[in-house]
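The values are calculated or read from the model by the stated rules, or taken from the named source; none is laboratory data. All values reported here derive from a predicted model rather than from experimental measurement. Positions of Cβ are backbone-derived with ideal geometry, glycine not excepted, and every protein chain shown enters the neighbour counts. Accessible surface areas use protein heavy atoms only, side chains included; no ligands, DNA or RNA. Shrake-Rupley method; radii C 1.70, N 1.55, O 1.52, S 1.80 Å.
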Amino acid sequence: MRELDLRAIEDILDGATTLGTGGGGDPARGLAMVQAQLEAGRRFIMVDPDELDDDVLACSPYFTGSTAPVPPEREARFAALPRVTEPEPYLAMRALEKGLGEQIAATVSIEYGGMNTAAALAVAARAGIPVLDADAAGRAVPDLQFSTYYVYGQRIDPIGLATRFGETMVLEGVPDDFRAEDIVRAVAVASGGMVATADHPTRGRDLKNGAVIKGALSYAEKVGRAKREAIAAGQDPIAATLAAGGGYLVFEGLVAQDPSWEDRGGFLFGEMNITGTGEFLGSNYLIWYKNENIISWRDGVVDITVPDLICVLEKGTGRPINNPRARKGMEVDVLAFPAPREWRTPRGLEILVPRFFGFDCDWQPVEKKFQGR
Amino acid sequence: MRELALQELEDILVGCAIFGTGGGGSLERGLQTVRQDAAAGKTVRLATLSDLADATLVVSPYYAGSVSPLSPEQIKAYEHLPRIPDEPPLVAARALAAYLQAPIGAVLATELGGGNTATALSTAAHLGVPVLDADPAGRAVPELIHSTLYLGGISITPLAVANQFGDVAVIQKVANDGRAEALVRAMAVVSQNHVGVADHPAPARDLRGKVVEGAISQAERVGAALRRARAEGTDPVAAVCRAGGGYRLFTGVVSEAWWKDEAGFTVGEIGVRGTGADTGSNYRLRFKNEHMVSWRDGAIDVTVPDLICLLDARTGEPVLNPAAREGQEVAIIGFPAPAAWRTQKGLAIFGPGYVGVNRPYTPIEEGRESA
């Protein structure tokens, strides 16, 4: 058990955003959510899954939806509705508890991301329960079924949902995670693009035995801290990130144009084009994303794919670029990290692969590709 | 409290289809439902509000969703999913009871309609509880907020939504009834446009004065009168008017009928050329699922909340939207709306203004002699 101070939280969130593969929600909103709890005097306690009792129940509170900016005409439809002051994922967790008739004892980050990792932290602090040193993806992911819970075989439901208008519901009986995805996404679309979700109520014994990636928040903290310390010492934050996370520099260059994207079916779809500089001069790089970076091509040849991580950072500052916020002329580095081993199991590779997104190619481990490079 | 025989159930549904003013769901399917239930040995009891103990939990089960056809892509997306044996409104009612940790003691029809009232009758039969001799509209209505429960401040939540795949959602709290509808529709969009809902859970004591009492037996009287007139070979339209306290508004032949799907509503118009006493005149109906307003020779005749009903002139059977066909011989009759709709609050949400008619509401009985 460990109490997290603001610096530790910031390191975790920066690491999670860095490893968030372009998605995982808006880090500014995530940080604001955490700060509101700190200002209210609430404490952030992180525990290892192995410290849990077998019979306690944890869940993952987070936001589902598109990270695309909401057009004003769509927002106008909701103008007359009340807004909540509590963090919505906290209300989603309370809705889940009401549906379960049982209290939740800890939260688990559903994915790495500036907002969704922050949601797990803020909800835990608000409820006075610990957050687990764990994550259910070890990256950010676009669809609900992409979690280590799924790989482990843990049911996703019942699911608590809360809108920013204070509306709550509990969903259960879904035949599988794909159905849950369809329904939750539809609720998000009907609620202005986002809905808070609290899902995968899971017992301590399963959390210890593989339902989630243990030590994942410490790992994110290590990456965030290495970057922060490098900047303070006047060193290259990208190099520090690569060393701390065990990643590869796969490209560097200038963003070739403002990214083209669209908000479709509750997801953000888009592409980022990068023109090579330095040792990559004369090459170009293309990244396709569905909320998160899914697949990349160097000079038209497939380079990195899911489940491995494709992360774009601003050169010099090491600031992670969230989709779709790259701008023409930005100097960026593209980093790749090996996916956590849970994704490399047969069941993991049944779902989080390029073919799910309609690409006719198979995953090649990033480290194989870079052997000897 | 009395047990309803199949004949009585059918009379009720025929009457409900007439009071459905063109909407309220398929009478044919409704009749099929109660016949199947009867064949399976299920029985339905009809209870008045005063038959129920104060604390008896009452809920309204119904189907929601759009009638728009599915694309082949959508059909394929649902192919691999499991199907559950029970009807979604029944599943929703059970889920709501489980959430509230209280047994359901009675069912309230969500409106009068050949299909929607049948859902209430069938759900009551399967739950083994009575159906209330009441409804929250006294007719069929196009939107969820068109309900005397809404006017009476009975909360629509918690409400349960279920589909045929086994997915069940309990909506605990909503910002307003419009949002409840939006969230139910969101669920319908990913459920082949077809979900069962159970909403407005309330103890019987809270419903007093907030529902249209006697609505089901009134429908039964009208349905029975129509059946008898047809058996005896007397004028079925006159029999319906007499039994329901209504007015014959027009008789003629459909000269024009069109409709379209507009944001999930069936919207259209029916033109009728007068025959018999109405020769030389024409009549026009506009509907949004249900008939909303009518014109006689270009002048407004009747508007919501009063009931405008289109019947086949020979059989007296209700013509549901959008089934009217050119050349069809029809009679148009009207009934006064229940008192709750004629209050200031009722007219504010379901008066002439709802359909863009910019004039004060004139009750149907003004300047007319009853049948």
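Of all lysines in the structure, the ones whose alpha carbon falls short of 24 Å from that of A:Lys369, not counting any fewer than 8 places away in one chain, are A:Lys290, A:Lys315.
Here region A:2-138 is treated with +1 on each Lys and Arg Cβ and -1 on each Asp and Glu Cβ, and its dipole about the Cα centre works out to around 740 debye. Region A:205-274 gives an Rg/Rh value of 1.13, both radii derived from C-alpha positions and Rh following Kirkwood. The three principal axes of the C-alpha atoms in region B:269-325 carry coordinate ranges of 29, 28, 18 Å, sorted with the longest axis first. Shielding of peptide B:155-168 by partners, expressed as the average count of other chain Cβ atoms within 10 Å per residue Cβ, is 3. Loop-located trypsin sites (Lys or Arg not before Pro) in region B:296-371 (DSSP state not H, G, I, E or B) with no more than 12 neighbouring Cβ atoms inside 10 Å: B:Arg325. Proximity of backbone amide H atoms, modeled 1.01 Å from N, is registered between A:Gly166 and A:Val84 at under 5 Å, excluding neighbours fewer than 5 places apart on the same chain. Protein heavy-atom surface of chain B, 1.4 angstrom probe: 50% of the accessible area is carbon and sulfur, with nucleic acids and ligands not counted. Toward the positive end of the charge dipole of chain A, with +1 on the Cβ of Lys and Arg and -1 on the Cβ of Asp and Glu, the farthest Cα among A:Ile310, A:Pro27, A:Pro87 is that of A:Pro27. The smallest convex shape that holds all Cα atoms of region A:275-334, its convex hull, gives 89 Å³ per residue. Based on C-alpha pairs under 8 angstrom that are at least 6 apart in sequence, region B:1-158 has a relative contact order of 35 percent.
Taking the helices alone, chain A has a mean residue ellipticity at 222 nm of -9000 deg cm²/dmol, built from -39,500 (n - 2.57) per DSSP H run of at least 4 residues and averaged over all its residues. Projecting the Cα atoms of B:Gln7, B:Gln74, B:Pro89 onto the charge dipole of region B:1-90 (Cβ charges, centred on the Cα centre) puts B:Gln74 farthest toward the positive pole. Ellipsoid semi-axes for region B:145-258, based on the Cα gyration tensor and the rule √(5λ), read 37, 21, 15 Å when sorted largest first.
Enumerate the lysines that B:Lys345 could reach by cross-link, defined here as Cα to Cα under 23 Å, with residues fewer than 8 away along the same chain left out. Counting by Cα, and skipping residues close in sequence, B:Lys345 has these lysines nearby: B:Lys210, B:Lys288.
Legend: mean number of C-beta atoms from other chains within 10 angstrom of residue C-beta atoms, peptide A:182-195, equals 4. Straight-line reach from A:Lys214: taking Cα to Cα under 14 Å and skipping same-chain neighbours fewer than 8 places apart, the aspartates and glutamates in range are A:Asp48, A:Asp50, A:Glu51, A:Glu111, A:Asp133, A:Asp135, A:Asp206, A:Glu342. Overall, the protein assembly as shown carries a charge dipole of about 660 debye about its Cα centre when +1 sits on the Cβ of Lys and Arg and -1 on the Cβ of Asp and Glu, all other atoms neutral. For region B:215-226, backbone phi angles converted through the Karplus equation (6.51, -1.76, 1.60; θ = phi - 60°) give residue-by-residue couplings of 4, 6, 5, 5, 4, 4, 4, 5, x, 5, 4, 5 Hz, Gly and Pro being listed as x. Proximity of backbone amide H atoms, modeled 1.01 Å from N, is registered between A:Glu292 and no other residue at under 5 Å, excluding neighbours fewer than 5 places apart on the same chain. Among the GluC sites (Glu not before Pro) in region B:281-359, which ones are in a DSSP loop with at most 14 other Cβ atoms within 10 Å of the Cβ? Mind listing them? Hits after loop and neighbour filter: B:Glu326. I need the Debye-formula profile for region A:1-74: one equal scatterer per C-alpha, no solvent, reported as log10 I(q)/I(0) at q = 0.15, 0.18, 0.24, 0.25 1/Å, two decimals. The Debye formula, applied to the Cα set alone, gives -0.71, -0.95, -1.27, -1.30. For chain A, what percent of Cα pairs sit more than 40 Å apart? Summing the P(r) tail past 40 Å for chain A gives 9 percent. Comparing region A:1-126 with the 2.2 N^0.38 Å rule of thumb, its C-alpha radius of gyration ratio is 1.11 (two decimals). Restricting region B:77-158 to trypsin sites (Lys or Arg not before Pro) that sit in a DSSP loop and have at most 11 other Cβ atoms within 10 Å of their own Cβ leaves B:Arg83. So what's the angle, to the nearest 10 degrees on a 0 to 90 scale, between helix A:116-127 and the longest Cα principal axis of chain A? Once rounded, one gets 30 degrees. Diffusion coefficient of region A:54-174 by Stokes-Einstein, Kirkwood radius over Cα pairs, 25 °C, 0.890 mPa s: 162 µm²/s. Basic side chains Lys and Arg get +1 at the Cβ, acidic Asp and Glu get -1 at the Cβ, and with that the dipole of region B:260-371 about its Cα centre reaches some 280 debye.
With Cα atoms defining each centre, region B:34-89 and region A:174-246 are spaced 40 Å apart in the structure. Coordinate range of the alpha-carbon atoms in the protein assembly as shown per principal axis, descending: 97, 54, 45 Å.
Modelled label positions at B:Glu326 and A:Thr85, each set 7 Å beyond Cα in the direction of Cβ, lie 6.4 nm from each other. The HN-Hα couplings worked out from phi for region A:89-101 by the Karplus form 6.51 cos²θ - 1.76 cosθ + 1.60 (θ = phi - 60°) are x, 5, 5, 5, 5, 5, 4, 4, 4, 5, x, 7, x Hz, whole numbers, x standing for Gly and Pro. Mean separation of Cα pairs under 8 Å and 6 or more residues apart, divided by the residue count, gives region A:109-154 a relative contact order of 40 percent.
Here's the picture: charge each Lys and Arg Cβ at +1 and each Asp and Glu Cβ at -1 in the protein assembly as shown, and of B:Val330, B:Gly264, A:Asn209 the one pushed furthest to the positive end of that dipole is B:Val330. Computed from the Cα positions only, the extents of region A:74-134 along the three principal axes stand at 39, 30, 16 Å, in decreasing order. Computed over region B:141-208, the P(r) tail beyond 14 angstrom holds 58 percent of alpha carbon pairs. Relative contact order, whole percent, for chain A stands at 20, derived from Cα pairs under 8 Å and 6 or more residues apart. The distance from the alpha carbon centre of region B:157-223 to that of region A:68-144 is 28 Å, rounded to a whole number. Here each label is just a point 7 Å from Cα along the line to Cβ, and for B:Arg35 and A:Arg77 those points are 4.1 nm apart.
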